[in-house]
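Peer 1: Can you read through this structure? Questions will come right after.
What follows draws every value from the coordinates through simple rules; no lab data is involved. Every value quoted in this text rests on a predicted model; they were computed, and no experiment measured them. Backbone-built Cβ (ideal geometry, glycine too); neighbour counts: all protein chains shown.
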Amino acid sequence: MEEMKRCPANYPPLTPLSFIERAAIVFGDSTSVVYNNTRFTWSQTFQRCRRLASALSSRNISRGDVVSVVAPNIPAMYEMHFAVPMAGGVLNTINIRLDARTMATQFAHCDPKFIFIDYQFLPLVTEAMNIARTKRACIVLIEEMEQGKNDPTPTPTPGGLLTYETMIQQGDPEFEIRWPEDEWDSIVLNYTSGTTSVPKGVVHCHRGLYTMAMDTLVQYGLRPGTVYLWTLPMFHSNGWCFSWALAAIGGINICLRKFDAKVIFDSIADHKVTHLCGAPVVLSMIANAAPSETRPLPGRVELLTGGAPPPASILFKMEELGFSVTHGYGLTETSGTVISCAWKPEWDGLQGNERARLKARQGIRSLSAVRVDVKDPVTMTSVARDGVQMGEIMIRAASVMKGYLKNEELTARALAGGWFRTGDVAVVHPDGYMEIKDRSKDVIISGGENISSVQVESVLYSHPLIAEAAVVGMPDPFWGETPCAFVSVKRSDHGDGHGQKPELSASEIIFFCRERMAHFMAPKSVVFLPELPKTSTGKIQKFVLRDMARNAVPCPVSRL
């Protein structure tokens, strides 16, 4: 067949920005966002996004400029997912649980032109900016919306800071959107939970997030009339792309600044919620809610969870309450869940334990993932489908990142051989479903947050009395897993080679770490050993420590 050429008519750049433009026409008068007593329609949300994009553009945002935001799941956070790329910028959502030092490292690395800050986090971000010596960033304060007001009036701010609503009012509602010139153009920058010395900024393109959002619609049954409860932070890979997917079908976003079990049940009942996402900690919160905190569900509620597989007891309880739980797998580098445990009709009649065992598996590739395989990382041969032979999960998908910002070496290593190498070790069962057996990068997933064991170990080694330290994940019924530190203590030197070990308690070590990092990253348990187990080459045997951690008892201080 003769060669035919691509042109704008048959090969326009794919972008999730197109979703909200369509939503404003099809679902213009339908509710888009609910926050406390404030409601917006899709036409209003589209107009607010265009106004903000206009205000950014008038302040000389250029294509590729980074715009950071530190905020919880509030309307402004949702709007910025469209407004920033509409102006040609790259959205950088910052984890609000970070300490100032880690946040400063990310600011210094990505050099944002604007930093939008929710009023609750102004002191934290100010400290981070001082550490990072961020000079060029323009600060915009996001104030709390007044109850029931859809068009808040700007009020005076500390130091005369520019406010979010001022920018909205200054912007042009007819602003001409800066569509991407190429679907490979960058749209977001998200940071993984690596060590502070080597931040890994993951860059995604318009095409990747478009395909992931479309995938989400199909995989999780989103349709017009969907009511989505924001229990998953939008700073976690942009809410696994649900932020854009909901606009595609004109769904309703129920925004929450913070929540507990009662807020979740009240929101589901009051708004007739149909979908939500969350880490295993959210499932535990729901399943362990006191009777006074619960309310009957208005119907079946779909819940997508990721991270550590939920315990069987939690899954049983969730099903009793009326939730349908799907376990998914993804990384910051894939922008969403590229593997999920797609449920087969023939499994409906299985007993509880068997159902839980199947649901705990990571599953099968999503529709948008062209290839997902488990391979020997050296020979690149696929492992046998026997549920025994282990290999590394490798992915080929449009939603895989462009690369790591300012780090060509790490990018080349992660994408070597034309596959994204996840670093997660898994098996493939005879039915083709995958199950993770270990994490080669020793990342601990606690309450949906990724914790680098290396980072925690570096803090432990800075303690003057600690000789050796290693950190592994310890199973936790609430958080999924938490950091457990194994340490050996230095002996005092008396010159005779028989010095005594100084007194050092687990509580002292935990507080030492909490003073130097975010609290969620600090160990929740400490185990003292005369010497850490090692291989013949001197490497610490973490698989031995993981077995020991299963029987470790959390320190009382861990719940402070």
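Peer 1: Could you give the nm distance between label points at residue 316 and residue 347, where each point is 7 Å from its Cα heading toward the beta carbon?
Peer 2: Between residue 316 and residue 347, the label points sit 1.8 nm apart.
Peer 1: Right, another one. Which ordering of 210, 35 is given by a fewest-first count of other beta-carbon atoms within 10 Å? Display every interim value, and only then the final one.
Peer 2: On the way: 210 25, 35 21.
Neighbour counts put them in this order, fewest first: 35, 210.
Peer 1: Which of 262/317; 113/135; 402/542; 359/437 have a Cα-Cα distance over 21 Å?
Peer 2: Values: 262/317 16 Å; 113/135 9 Å; 402/542 32 Å; 359/437 15 Å.
The answer is 402/542.
Peer 1: Moving on. Pulled fully out, how much extra length does the chain show between residue 548 and residue 390, if you take 0.36 nm times their separation in residues and subtract their Cα-Cα distance? Kindly include the intermediate steps, with their values, before the conclusion.
Peer 2: On the way: separation 158, 0.36 × 158 = 56.88 nm, distance 2.22 nm.
Net length gain for the segment: 54.7 nm.
Peer 1: Hey, another quick one. Would you mind checking the tilt of helix 261-271 against the longest principal axis of the Cα atoms of the chain, expressed as 0 to 90 degrees and rounded to 10?
Peer 2: Orientation of helix 261-271: about 20 degrees from the principal axis.
Peer 1: Related question: May I ask you to derive the relative contact order of segment 254-305, considering only C-alpha pairs under 8 Å and at least 6 residues apart, and to give it as an integer percent?
Peer 2: Numbers: 49 pairs, mean separation 26.6, N = 52.
Computed over segment 254-305, the figure is 51 percent.
Peer 1: Hand me the trypsin sites (Lys or Arg not before Pro) from segment 1-104 located in a DSSP loop with no more than 10 other Cβ atoms within 10 Å, in residue order please.
Peer 2: 5, 6
Peer 1: Something else: ³J(HN,Hα) across segment 320-325 via Karplus (A = 6.51, B = -1.76, C = 1.60, θ = phi - 60°), whole Hz, x for Gly/Pro?
Peer 2: 4, 6, x, 9, 10, 9
Peer 1: Could you name the aspartates and glutamates in cross-link range of residue 524, using Cα to Cα under 18 Å and dropping any fewer than eight places away on the same chain?
Peer 2: Counting by Cα, and skipping residues close in sequence, residue 524 has these aspartates and glutamates nearby: 99, 442, 449, 457, 468, 476, 481, 508, 515, 547.
Peer 1: Something else: Report D for the chain in µm² per second (integer): Stokes-Einstein, Kirkwood Rh on Cα pairs, 37 °C, 0.692 mPa s.
Peer 2: After rounding, the answer is 132 µm²/s.
Peer 1: Where does the longest stretch of the chain lie that holds no GluC sites (Glu not before Pro) found in a DSSP loop with 12 or fewer other Cβ atoms within 10 Å?
Peer 2: Details: sites that count: 2, 3, 174, 176, 181, 503, 515, 531.
No qualifying site falls inside 182-502, the longest such stretch.
Peer 1: Based on the Cβ-Cβ distance of residue 257 and residue 30, what FRET efficiency does E = 1/(1 + (r/R0)^6) give at R0 = 25 Å, to the nearest 0.05?
Peer 2: Working: r = 23 Å, r/R0 = 0.94.
Once rounded, the FRET efficiency stands at 0.60.
Peer 1: For residue 32, enumerate residues with amide H under 5 Å from its amide H, sequence gap 5+ or separate chain, H modeled in the peptide plane.
Peer 2: Result for residue 32 returns 40, 41, 42.
Peer 1: Name the residues whose placed amide hydrogens come within less than 5 Å of the amide hydrogen of residue 387, ignoring near sequence neighbours (fewer than 5 apart) on the same chain.
Peer 2: The answer is 428, 429.
Peer 1: Can you run phi through the Karplus equation (6.51, -1.76, 1.60; θ = phi - 60°) for segment 358-371 and list ³J(HN,Hα) in whole Hz, with x for Gly and Pro?
Peer 2: 3J(HN,Hα) across segment 358-371, in whole Hz: 5, 5, 6, 6, 6, x, 10, 4, 6, 5, 7, 7, 5, 9.
Peer 1: May I pose another question? Give the order of 383, 70 when sorted by the count of other beta carbons within 10 angstrom, beginning with the fewest.
Peer 2: Details: 383 19, 70 25.
Ascending number of Cβ neighbours within 10 Å: 383, 70.
Peer 1: Convex hull over the Cα atoms of segment 23-142, averaged projected area in nm²? Let's see the in-between values first.
Peer 2: Details: hull surface 29.6 nm².
Reported value for the Cα convex hull: 7.4 nm².
Peer 1: A further question on this structure: Rank the residues 252, 139, 339 as a footprinting-exposure proxy: fewest other Cβ atoms within 10 Å of their Cβ go first.
Peer 2: Working: 252 22, 139 17, 339 26.
In increasing order of surrounding Cβ atoms, one gets 139, 252, 339.
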